[in-house]
Amino acid sequence: AGLIEYKDLCIESVLKTSNKKLSFLYSKKSKFYNSIMEEGYIKTKKDEFVIKAIDPLENDYVNFICELNLEELEGKHLDRFESIEQTIATILNLAISGTGWTVQDNNIKKKRTIRKTDCSCLELVQEIKKTFRVDIEFDSLNKKIKIYEQLGDDKGVYFIEDLNLRSLQV
């Protein structure tokens with residue numbers, strides 16, 4: 001069902017892990033409130049999320065906290081993985097085979113060796129990201145992993161009050 005009576009929608013992206021979190025408030029009086037449960041799925045225009053926590057508030061609203069749907073990558077366990085002097089696309093395709101995910105074509109030609117034991121596919125993807133020093137974006141709707149040399153631009157450091165600032169300490 002389409003949820004239209006939500007408030008305070010917030011999507012947070014973590015560049016280091018390429019993960020996203022979705023949170024929003026939803027009225028207890030809404031007709032769809034009782035059909036939303038933990039481990040259910042929420043789709044936005046760009047991503048699919050899994051509901052991880054439902055936190056009732058004192059007023060008539062409930063806070064929903066969701067994480068990007070990477071269940072297929074988290075759920076596949078690898079006892080041992082080794083790839084010697086391969087490109088990132090080749091290594092990722094080997095790492096995620098059988099999960100339903102694919103790797104979007106890219107132009108990164110550098111080659112590296114990856115060895116890891118006793119891990120999930122998602123942990124292996126994070127290790128590959130760190131080894132190649134690239135940025136990765138998960139397209140959870142189309143089940144694609146997008147690879148970039150660098151996402152965004154370095155514009156220096158600045159603080160603007162009331163703009164995405166959660167806390168400030170000295």
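The values are calculated or read from the model by the stated rules, or taken from the named source; none is laboratory data. As the structure is a computational prediction, the values presented were derived from the model and not from experiment. Cβ: placed from backbone, ideal geometry, glycine included. Neighbour counts: every protein chain shown. These accessible areas exclude ligands, DNA and RNA; they are computed on the full protein's heavy atoms, side chains included. Shrake-Rupley method; radii C 1.70, N 1.55, O 1.52, S 1.80 Å.
So the values come out like this:
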item: Charge sum, other residues only, whose C-beta stays under 13 Å from L70's C-beta, Lys/Arg counted +1 and Asp/Glu -1; result: -3
item: Point-to-point label distance, Y148-D118, nm (Cα→Cβ direction, 7 Å offset); result: 3.6
item: Helix axis angle, 121-132 relative to the chain longest principal axis, alpha carbon, degrees; result: 60
item: Calculated log₁₀ intensity ratio I(q)/I(0) where the Debye formula runs over C-alpha points of region 90-154, q = 0.11, 0.25, 0.28 Å⁻¹; result: -0.24, -1.27, -1.53
item: The chain: C-alpha pair distances exceeding 28 Å, %; result: 37
item: Ranked order, R115, R166 - accessible area, probe 1.4 Å, largest first; result: R166, R115
item: Extension gain, I36 back to D135 (0.36 nm per residue minus Cα-Cα distance, nm); result: 32.3 nm
item: Net charge contributed by nearby residues that have their C-beta within less than 12 Å of L151 (K/R +1, D/E -1); result: -2
item: Per residue value of the accessible surface for the chain (all protein chains in place, 1.4 Å probe), Å²; result: 68
